[in-house]
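Shown next, in C-alpha cells, is the structure this report addresses.
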Amino acid sequence: MNTAQPIGVFDSGIGGLTVVRALTHHLPHENIIYFGDTARVPYGPKSPQVVREYALQDTDVLLHHDVKLIVIACNTVSAVALDVVQKRAKVPVVGVILPGAEAAARATTNNRIGVIGTVGTIFSNAYTNAIRQIDPDISVFGQPCPLFVSLAEEGWINHKATELIAKEYLFPLTLEKIDTLVMGCTHYPILREVIGKVLHQSVTLIDSGEATALAVKNLLTEKAMNNPSTLKPNLQFFVSDVPHKFTEIGERFLGRKLGKVQRVSGFLS
Ligand code: DGL
C-alpha cells in the first residue's frame, strides 16, 4: 500500500465537510477525497435498508479512487451500515459512532448522557448500544432533532427561531439531568453555540466528527499508514449533484475555500 493514497470520506451530502474540517486540522498532510451524495440527501428520515444500499454505492465511489482508508462521516450511515461498508471495503473503515461514544463515556461524571441526531440515528440506538457496551452503568437519552439539519444549512446560527427550536428539542434532555451531550449528526457542530446556550453551558458537548478525526489519527499511526509527505495535501470534492448554494454552504461547513467540486458521472444511472 502506498501511504500517499488519499483518505476517502463519504456522507449523505454536504454535512460531512465538518468531519473533513476536523481531519485536516488533526492530519494536515493527508490527501483526502470526499464524496457527498447530494442528489439523495437527506438520509436521516430514510429506512435502514435504503441507507445501507446507498452506503455501498457511496463506498464504491471512494474505492474507485484507491483510497487507503474510509471514514463514514455520516452518523446515519455509521449507525445502520458500518458492517456492510466494512465487508465491502478491503481497507480500514472508521465510522463516527464509536469514537463519539468513547469520548462521551470519558467525559461524563454523573453517568447521564444525551444523544441528538437524525431520526434514523436515534431510532437505531447505535450510540446507546455503543456507550452502554463501554459502561453499562451509563444512562443514555436520545432525542431526534431533524430540523437542525435545515437550520445549519440555512446558516441560521444566531437566529431566534433556531433558539426556540433548540429549546423545544433539548428540554426533555435537561429534565434527565444529562452532563454530556453527543452531537450525533454532521450538521450539529455548526449550531454548537445555540445548543450550549440552551443547555446553560453546564453540559459538555461532544463533537463526533472531532472524536473521529482523532481516532483516524491514532489508527494511521498504529498501522504506520501516515502520509510521509509534508507538502500541501490534495483535497478533492465529489458530489452526485451540484445543488444551489453548494459552495456557500460547503465553505461554511469546511471553514475554508472548497475549490473545484466535481459531479460523479453515471452515479445515479
Ligand atoms: N449526514 C447526516 C448525519 O450525520 C445528516 C443529514 C442527512 O439526514 O442526511 O446523520
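Here, each number is a calculation from the coordinates, and none is a lab measurement. These figures come from a predicted structure and were not determined experimentally. Cβ coordinates were reconstructed from backbone atoms using ideal geometry, including for glycine residues, and neighbour counts include every protein chain displayed.
When region 9-45 is filtered for residues that are within 16 Å of the ligand (Cβ to nearest atom), over 18 Å from Ile190 (Cα atoms) and not in a loop (DSSP other than H, G, I, E, B), the ones remaining, listed by number, are Val9, Phe10, Tyr34, Phe35. Is it the case that Arg106 is free of Cβ contacts under 8 Å to residues at least 12 places away in the same chain and more than 18 Å from Val264 (Cα to Cα)? Answer is yes for this residue.
All told, Val140 meets the bar of being more than 16 Å from the ligand (Cβ to nearest atom), part of a strand (DSSP E or B) and either under 23 Å from Ala22 (Cβ atoms) or out of contact with any Asp or Glu (no Cβ under 6 Å at 6 or more places or on another chain) (or both). Close Cβ contacts (under 6 Å, 6 or more residues apart or on different chains) running from residues in region 73-96 that are under 19 Å from Ile131 (Cβ atoms) to residues that are hydrophobic (A, V, I, L, M, F, W, C) and in a strand (DSSP E or B) comprise Ser78/Ile72; Val94/Val71; Gly95/Ile72. Got a sec? Which of Ile97, Ile72 is touching a Gly at 6+ places or on another chain (Cβ under 6 Å) and of a type outside the set (D, E, K, R)? Unique residue meeting the criteria: Ile72. Looking across Gly155, Gly209, Gly184, one residue alone is touching a Lys or Arg at 6+ places or on another chain (Cβ under 7 Å), closer than 30 Å to Val261 by Cα and either acidic (Asp, Glu) or surrounded by 13 or more Cβ atoms within 10 Å (Cβ to Cβ) (or both). It is Gly155.
If I filter region 116-137 down to residues being within 16 Å of the ligand (Cβ to nearest atom) and in a loop (DSSP other than H, G, I, E, B), which single residue comes out as surrounded by the fewest Cβ atoms within 10 Å (Cβ to Cβ)?
Asn125
Check whether at least one residue in region 78-87 is within 16 Å of the ligand (Cβ to nearest atom) and touching a Gly at 6+ places or on another chain (Cβ under 6 Å), and report yes or no. Looking through region 78-87, at least one residue is within 16 Å of the ligand (Cβ to nearest atom) and touching a Gly at 6+ places or on another chain (Cβ under 6 Å).
Every condition in (1) part of a loop (DSSP other than H, G, I, E, B); (2) in contact with a helix residue (DSSP H, G or I) (Cβ under 8 Å, 6 or more places away or on another chain) holds for His244 except the one numbered (2).
Scanning region 53-75 for residues being within 14 Å of the ligand (Cβ to nearest atom) and either of a type in the set (D, E, K, R) or surrounded by fewer than 16 Cβ atoms within 10 Å (Cβ to Cβ) (or both) gives a total of 1. When the helices (runs of 4 or more DSSP H) confined to region 154-233 are screened for residues that are free of Cβ contacts under 8 Å to residues at least 40 places away in the same chain and more than 20 Å from Glu102 (Cα to Cα), those reaching at least 2 such residues are found at 160-175, 192-198. Among the residues of region 94-113 satisfying the criterion of being in a strand (DSSP E or B) and within 16 Å of the ligand (Cβ to nearest atom), which is nearest to the chain's Cα centre (by Cα)? It comes out as Gly95.
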